[in-house]
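The values are calculated or read from the model by the stated rules, or taken from the named source; none is laboratory data. Here the structure is a predicted model, which is why all the values come from computation and not from measurement. In this analysis, Cβ positions are derived from the backbone assuming ideal geometry, glycine residues included, and neighbour counts consider all displayed protein chains.
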Amino acid sequence: MRAALFGLLLCCALPAWPAPPPERIIRLAETPGEPPLDPAAAAWERAPAATLRLYPQATIAGGPGGEPLMLEARALRGGTRLALRLAWADAGENTYDVHATDRFADAVAVQFAPPGKTLPYVGMGEPGRAVSLWLWRAGRPPESLTAHGFGSLERGAAPIEAHARRSAGGWEVVLRGRVAAHAPVALAFAAWDGAEDGRAGRKRLSAWQALAAPTGALPASLREEARAGGDAARGERLYAKLGCAACHAPQAGLAPDLASAGDIHWPGYLRRSIREPSAFLVPGYAALMPAFPLQAEDIENLTAYLMKRPP
Ligand code: HEC
């Protein structure tokens with residue numbers, strides 16, 4: 001009885017998310033030679049599959065709605081080359097057609113976070129914190145790009161290769177390119193469905209995913225970013241008391257809907273957004289959010305609430 005009670009206390013005293021959930025980790029496998037471009041190559045079996053959720057980008061008006069898209073990602077590194085094998089369901093094949101400017105191609109992009117202990121805003125980086133991207137569009141050569149904020153795409157320096165094939169009801173795409181000696185520590189993924197008129201911001205997007213060692217351990221540099229030790233119930237009360245919903249309720253239309261903030265953001269980003277509201281402005285919104293006089297503990301509790309909030 002006493003042991004059971006102790007167990008209960010122990011269980012509930014622990015933070016709900018001591019580390020990011022498994023879907024925020026992709027385990028990188030090493031291969032002795034060059035990682036394969038062929039999505040059917042046997043070498044891919046060495047790389048554990050991570051199943052990620054890509055959420056409709058909610059901050060864009062007119063973007064796709066509905067359920068998250070499930071994307072399977074595998075990562076293989078050989079020397080300085082990294083290859084990513086991405087597979088997802090997409091019933092209709094929409095390929096780029098130079099003569100049909102009103103139609104859009106199916107596409108997928110990988111975004112690499114710059115080195116550092118904090119992750120930039122997941123939707124195309126932030127001014128001063130550029131992200132690099134690998135973009136594949138059906139029927140076009142792959143492109144290497146950089147971005148430092150929404151709508152700031154530029155051509156990247158390093159060429160990349162891609163190989164795609166249709167699977168039963170979807171795409172299997174391998175993207176391969178060179179990475180710096182220190183492998184990137186976090187990646188995020190976006191997908192566009194040509195059938196939905198998918199282009200630019202009308203996409204589905206994942207949270208940042210840590211590219212972890214084969215053991216699955218979170219890179220040490222991201223531990224602080226993943227830390228979430230607050231009390232969600234206290235955070236919920238504080239959210240009501242401070243009137244956060246006055247702006248953030250979807251019907252208010254003044255600020256991003258935070259109902260699914262925890263699906264797409266890491267605790268570190270949410271903490272910074274509350275502590276220094278206008279240090280980075282979410283694209284499409286004005287600098288309206290006041291800097292609340294909050295104790296560190298309050299910020300932790302609000303963060304825990306936003307990470308756990310059910311949609
Ligand atoms: C007066 C309106 C207003 C109030 C009140 C307000 N916010 Fe905001 N908030 C905004 C706006 C506008 C943005 C988007 C622009 C920006 O990034 O500052 C934002 C952005 C955010 C973000 C980043 C969201 C994202 O999708 O990237 C978080 C997290 C956040 N607010 C949390 C809070 C919390 C917690 C409270 C209550 C303590 C609160 N806000 C109160 C207006 C407000």
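A few comments on the model shown:
- Taken over the stretch 231-248, the criterion of being over 17 Å from Glu300 (Cα atoms) and either surrounded by 14 or more Cβ atoms within 10 Å (Cβ to Cβ) or under 23 Å from the mean Cα position of the chain (by Cα) (or both) is satisfied by Ala245, Cys247, His248.
- Residue in the stretch 203-224 that is within 21 Å of Pro290 (Cβ to Cβ), surrounded by fewer than 16 Cβ atoms within 10 Å (Cβ to Cβ), of a type outside the set (Lys, Arg) and in contact (Cβ under 8 Å) with a residue 12 or more places away in the chain present: no
- Test result for Leu288, under 23 Å from Gly149 (Cα atoms), touching a Pro at 6+ places or on another chain (Cβ under 9 Å), within 6 Å of the ligand (Cβ to nearest atom) and modelled with pLDDT of 90 or more: yes
- So Leu175, is it assigned to a strand (DSSP E or B), of a type outside the set (Gly, Ala, Ser) and crowded, with 21+ Cβ neighbours inside 10 Å: yes
- Any chance Arg140 is in contact with a helix residue (DSSP H, G or I) (Cβ under 8 Å, 6 or more places away or on another chain), more than 16 Å from the ligand (Cβ to nearest atom) and over 19 Å from His265 (Cβ atoms): no
- Of all residues making up the stretch 127-177, the number that are of a type in the set (D, E, K, R), closer than 25 Å to Thr80 by Cβ and in contact with an Asp or Glu (Cβ under 8 Å, 6 or more places away or on another chain): 2
- Residue match in the stretch 149-161 (condition: in contact with a helix residue (DSSP H, G or I) (Cβ under 9 Å, 6 or more places away or on another chain), part of a loop (DSSP other than H, G, I, E, B) and within 24 Å of Pro283 (Cα to Cα)): no
- Taking the stretch 237-311 and the helices (runs of 4 or more DSSP H) fully enclosed by it, the elements with 2 or more residues that are touching a strand residue (DSSP E or B) at 6+ places or on another chain (Cβ under 7 Å) are at 261-264.
- Taken over the stretch 158-172, the residue count meeting the criterion of being surrounded by fewer than 20 Cβ atoms within 10 Å (Cβ to Cβ) and touching a Gly at 6+ places or on another chain (Cβ under 8 Å) is 3.
- Restricting the stretch 117-127 to residues that are over 11 Å from the mean Cα position of the chain (by Cα) and modelled with pLDDT of 85 or more, the residue that is nearest to the ligand (Cβ to nearest atom) is Thr118.
- Identity of the residue in the stretch 245-264, touching a helix residue (DSSP H, G or I) at 6+ places or on another chain (Cβ under 8 Å) and in contact (Cβ under 8 Å) with a residue 24 or more places away in the chain, that ends up farthest from the ligand (Cβ to nearest atom): Gly262
- Residue satisfying all of: in the stretch 265-278; near the ligand (Cβ under 8 Å from one of its atoms) and closer than 16 Å to Pro127 by Cα; surrounded by the fewest Cβ atoms within 10 Å (Cβ to Cβ) among these: Ser278
- Residue list for the stretch 205-225, filter: within 16 Å of the ligand (Cβ to nearest atom) and either modelled with pLDDT under 90 or assigned to a loop (DSSP other than H, G, I, E, B) (or both): Ser206, Ala207, Trp208
- Conditions (1) surrounded by 13 or more Cβ atoms within 10 Å (Cβ to Cβ); (2) in a loop (DSSP other than H, G, I, E, B); (3) within 6 Å of the ligand (Cβ to nearest atom): number failed by Ala228: (3)
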